[in-house]
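The values are calculated or read from the model by the stated rules, or taken from the named source; none is laboratory data. Because the structure is predicted, anything quoted here is derived from the model rather than measured. Don't worry about glycine lacking a Cβ; one is built from the backbone with ideal geometry, like all the others, and counts go over all protein chains shown. Accessible surface is based on the protein model in full, side chains and every heavy atom, while ligands, DNA and RNA are left aside. Shrake-Rupley method; radii C 1.70, N 1.55, O 1.52, S 1.80 Å.
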Amino acid sequence: FGVVMPAMPGHDASPEASVGFGQKEAGIVTAIARELAPRRVVLLGVSLGGAAVWQAAGSHPELYAAVATEGTYPTFSEAMDRFLGRLPGPGFLKAPVVTFARWESGIDPAAQRPIDGARAWAKTGKPALVAHGDADELFPVEYGRRMAEAADCPLWIVPGARHAYVDETDHAG
């Protein structure tokens, strides 16, 4: 098997400066899957990457064989509430932050709902897995439960794993 790890908008060596809140990223994932056809493509995404994977899988399930995500949020609005809730000061910052993000990216962050992609994927009957660390400081385990329920797939709760660190956690106990 081969592995493709594209630089996503706003990350790494991507020429795209602004993050796409899952929408732009899902488009990149879909374009790559189309190039790889007829090979079997398994999607793996972590956090925002997981959001992109669910959006891609829900929109174009025919391109993918399976999905696995870690530490993904059900909706961008919930993710933003959690993220801004960790910052000191009042919560009135959300509206200006979302407005600026919409202006900069051309995408409405509040319209990004990975959980809808997971629900669409569930209808395919294809395999999926949702992993979530029980020590995730950014998104609660409840997000993982909701995503697994929506995708109608197993939930792997990893003891001691922080956000985006399931792969670096000692699974042997």
- Message: I'm told Ala122 meets every condition in (1) out of contact with any Asp or Glu (no Cβ under 6 Å at 6 or more places or on another chain); (2) closer than 14 Å to Pro61 by Cβ; (3) not charged (D, E, K, R) except one. Can you identify the failing condition by its number?
- Response: (1)
- Filtering segment 128-141 for residues that are open to solvent by 70 Å² or more (accessible area, probe 1.4 Å) and under 19 Å from Met80 (Cα atoms) leaves a count of 1
- Note on the structure: Of those in segment 142-173 that are part of a helix (DSSP H, G or I) and open to solvent by less than 30 Å² (accessible area, probe 1.4 Å), the residue farthest from Pro74 (Cα to Cα) is Val166
- Looking at segment 1-52, which of the residues that are among the acidic types (Asp, Glu) and open to solvent by 30 Å² or more (accessible area, probe 1.4 Å) is farthest from Ala164 (Cα to Cα)? Glu35
- Query: Is there a residue in segment 106-127 that is under 23 Å from Glu16 (Cβ atoms), open to solvent by 70 Å² or more (accessible area, probe 1.4 Å) and modelled with pLDDT of 95 or more?
  - Reply: yes
- Task: Working carefully through the options Thr30, Thr72, Thr124, find the one that is under 23 Å from Glu142 (Cα atoms) and of a type outside the set (Lys, Arg).
- Result: Thr72
